[in-house]
Structures are given as C-alpha cells and as structure tokens.
Amino acid sequence: AQTVTQSQPEMSVQEAETVTLSCTYDTSESDYYLFWYKQPPSRQMILVIRQEAYKQQNATENRFSVNFQKAAKSFSLKISDSQLGDAAMYFCAYRSAAGTYKYIFGTGTRLKVLA
Amino acid sequence: NAGVTQTPKFRILKIGQSMTLQCAQDMNHNYMYWYRQDPGMGLKLIYYSVGAGITDKGEVPNGYNVSRSTTEDFPLRLELAAPSQTSVYFCASRASGGTYEQYFGPGTRLTVT
C-alpha cells in the first residue's frame, strides 16, 4: 500500500525568506500524481501545486515550486519570498494514475511565518 | 459559484445519537469523497463515489453510511455516534480525468460527548 510521510510537524520561516517542506512517499507504481494542499486557519483545503510523475520538469506556481525526485520518492515544496498569508498547515498527497480513486494524505506540516 | 458546500459547520452530538452531514457540489463532478481529519493528522478517506448510485468504502468506513442518489449530493450518515467520531469532516469532489484536483468543502466540526 502507498504511504505518504511528512517528517516535519512544524516549520518556521522569516517573512520574505525561503522555506522548504519535505514529503516522501512509498509506492511500487510508476505513474501517479502528487499534490501539495494548504489548509489555513479557516480549514478550507486549497490546492497549491500538482506534479505528474511522468513529467521530469518540476512544477512551479508563482512563489511555490517543487523538487520532485522520482527515484528517491521525494516531493518537497519550496516557498519563496514567504508572506504572512502563507502561514497554514501544508499537506502532501498521492494519487495513483490508474485503478484506485483514492488519495493518500500525509500528516501535515504547520508553517509559521514570522514578521 | 458555490463549489462544494457542507452543512452544518458545527455540531455537538450525544453518544448514541445519529445525524447526517450534507454535502453538495454544483460543478457536475462525478467523483465525490468524504474524509475525516483528526487533530494533528492528515485526512483519512471514509467513503467515496464515482457517480450517482455508486459508492465504495475508504480506509475508515465503520460507523458511517453514504448514499449518492444524484450527481450533486453525497450525504454522510453517522449512526449511533461514538466519541471516536469526534473529528472534522471534509467533503470533496473532482471531475473525471484532467488534473485530478480535488475541490474541498469548508468542513464540519463534529463533537460527540
């Protein structure tokens, strides 16, 4: 069965600095999708960025980018120029590209942004 | 554009009571999901549906039931509530294929005492 591990329960970053959140996963599949979701205090889950495993190029969305290392099964999220509004829980998620309709979520990393 | 809506936002139940958490989406998505999020944990899948009339169990289905009579609605039924069901419940939906992005509702905080 697939698993997703986020080993950093909490991270802090100074405003305007860069922070990297870690995510590793375990799977025997070769085709899958990976996601980072943000959950602010409002509890609303918001998609931050998505990566298709068959794409070698790392996904980027404005200040958010990923470092996808397929062989190492690593999918880290880099937030550049951190803003106070980035403070939230961040969840890494995995979805197989075939068969199952299920998403596997990590336990989350709480990001604090210091003014 | 409402997206995914959930009612109620908060609820307190006594042990043994039953209730239904409502979820509706207006995006014509075939796939819908129910998750629970316990404190300090990620989301655990309770049930999911791939279309009207089709539902299946997720990781933690015990104590819950679902139905999907329409594309829009996916209610979650709690029978005989127990303290272990105290959690935040999220409903999500997604379109067939494409980006596989899930759209989440705002959640329901349920406390069973």
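The values are calculated or read from the model by the stated rules, or taken from the named source; none is laboratory data. Quantities reported herein were computed from a predicted structural model and do not represent experimental measurements. Cβ placement follows ideal geometry from the backbone for every residue including glycine, while neighbour counts extend to all protein chains displayed. Surface accessibility is based on the protein's heavy atoms, side chains included, excluding ligands, DNA and RNA. Shrake-Rupley method; radii C 1.70, N 1.55, O 1.52, S 1.80 Å.
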query = For the range B:52-97, what is the accessible area per residue in Å² when the probe is 1.4 Å?
reply = 45
query = Label points 7 Å out from Cα along the Cβ direction at B:Lys44 and A:Lys78: separation in nm?
reply = 3.6
request  = Using R₀ = 35 Å, calculate the FRET efficiency as 1/(1 + (r/R₀)^6) where r is the Cβ-Cβ separation of B:Ala2 and A:Ala115; round to 0.05.
outcome  = 0.50
ask   = Carbon and sulfur together cover what percent of the accessible area of chain A at a 1.4 Å probe radius?
value = 46
query = Can you give the three extents of the C-alpha atoms in the protein assembly as shown along their principal axes, from longest to shortest, in whole Å?
reply = 48, 39, 35
message = What does the charge count around A:Gln51 come to, taking other residues whose C-beta lies under 14 Å from its C-beta (Lys +1, Arg +1, Asp -1, Glu -1)?
response = +2
key: Protein accessible surface hidden between B and A, which excludes ligands and nucleic acids, total in Å², probe 1.4 Å   = 2000
Per-selection Rg to Rh, the range B:1-64 - Cα, Kirkwood hydrodynamic radius = 0.97
request  = Using Cα positions and a limit of under 24 Å, work out the lysines in reach of A:Lys55, with same-chain residues fewer than 8 apart set aside.
outcome  = A:Lys38, A:Lys70, A:Lys73, A:Lys78, A:Lys102
inquiry  = Keeping every protein chain present and rolling a 1.4 Å probe, give me the accessible area per residue for chain A in Å².
reply    = 48
ask   = How high is the relative contact order of the range A:1-64, in percent, counting Cα pairs under 8 Å that sit 6 or more residues apart?
value = 25
note = Checked against the positive end of the charge dipole of chain A (+1 on Cβ of Lys and Arg, -1 on Cβ of Asp and Glu, about the Cα centre), the farthest of A:Ala98, A:Gln8, A:Ala88 is A:Ala98
task = Please give, to one decimal in nm, the separation of the simple spin-label points placed at A:Ala71 and A:Tyr54, each 7 Å out from Cα toward the Cβ.
result = 2.2
note = Summing +1 per Lys or Arg and -1 per Asp or Glu among the other residues with Cβ less than 11 Å from B:Glu59's Cβ gives +4
message = Bin width 10 Å, origin at 0, all Cα-Cα pairs of the range A:52-97: what percent of pairs per bin?
response = 22, 53, 23, 3
query = Seen from all sides and averaged, what is the projected area of the convex hull of the Cα atoms in chain B, in nm²?
reply = 6.7
ask   = Once Rh for chain A is found with the Kirkwood sum over Cα pairs, what is the Stokes-Einstein diffusion coefficient at 20 °C and 1.002 mPa s, in µm²/s?
value = 151
